[in-house]
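Some notes on the structure that comes next.
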Amino acid sequence: MTAEPDDKPPYNPPDPPNWRQPFGMVLILIVILLWSGLALNMIDWVSGLNFWLQLPIYIFAGIAWIFPVKPLLIWMNTGKFRS
């Protein structure tokens, strides 16, 4: 009473290409360019501060751009802005 294995592997057709990935990549590049432009506009003000005041500003500027990009990445993969 053994089950005989199938000779054919299951057929999983590839997903059809969609327009969200290229469009999303362009939007991500725009977000990064806008964020870096904002950071560059603030550089004169920030560079005049003490090192210990500059440090949290640079940490925030280096991490905060991820938050608007995260829903965009979810949308690119699922078609919805929330998982």
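When you go through F60, F23, F81, F51 one by one, which is the residue that is hydrophobic (A, V, I, L, M, F, W, C) and modelled with pLDDT under 90?
F81
Find all pairs meeting these conditions: Cβ atoms under 7 angstrom apart; at least six residues apart or on different chains; first residue within segment 55-83 and surrounded by 11 or more Cβ atoms within 10 Å (Cβ to Cβ); second residue polar (S, T, N, Q) and outside any loop (DSSP other than H, G, I, E, B).
Correct list of pairs: M76/Q21.
Conditions first: (1) at pLDDT below 90; (2) in a helix (DSSP H, G or I). M1 passes all but one, so which condition is the exception?
So M1 meets the others, but not (2).
Would you mind stating whether W35 is in contact (Cβ under 8 Å) with a residue 12 or more places away in the chain, in a helix (DSSP H, G or I) and among the hydrophobic types (A, V, I, L, M, F, W, C)?
Values: in contact (Cβ under 8 Å) with a residue 12 or more places away in the chain: yes; in a helix (DSSP H, G or I): yes; among the hydrophobic types (A, V, I, L, M, F, W, C): yes.
It is true that W35 is in contact (Cβ under 8 Å) with a residue 12 or more places away in the chain, in a helix (DSSP H, G or I) and among the hydrophobic types (A, V, I, L, M, F, W, C).
Please tell me if L49 is exposed (fewer than 11 other Cβ atoms within 10 Å of the Cβ), aliphatic (A, V, I, L, M) and over 15 Å from the mean Cα position of the chain (by Cα). Quick ask: steps written out before the conclusion?
Numbers: exposed (fewer than 11 other Cβ atoms within 10 Å of the Cβ): no; aliphatic (A, V, I, L, M): yes; over 15 Å from the mean Cα position of the chain (by Cα): yes.
No: the conditions fail for L49.
The values are calculated or read from the model by the stated rules, or taken from the named source; none is laboratory data. Because the structure is a prediction, the values reported are computed rather than measured. In this analysis, Cβ positions are derived from the backbone assuming ideal geometry, glycine residues included, and neighbour counts consider all displayed protein chains.
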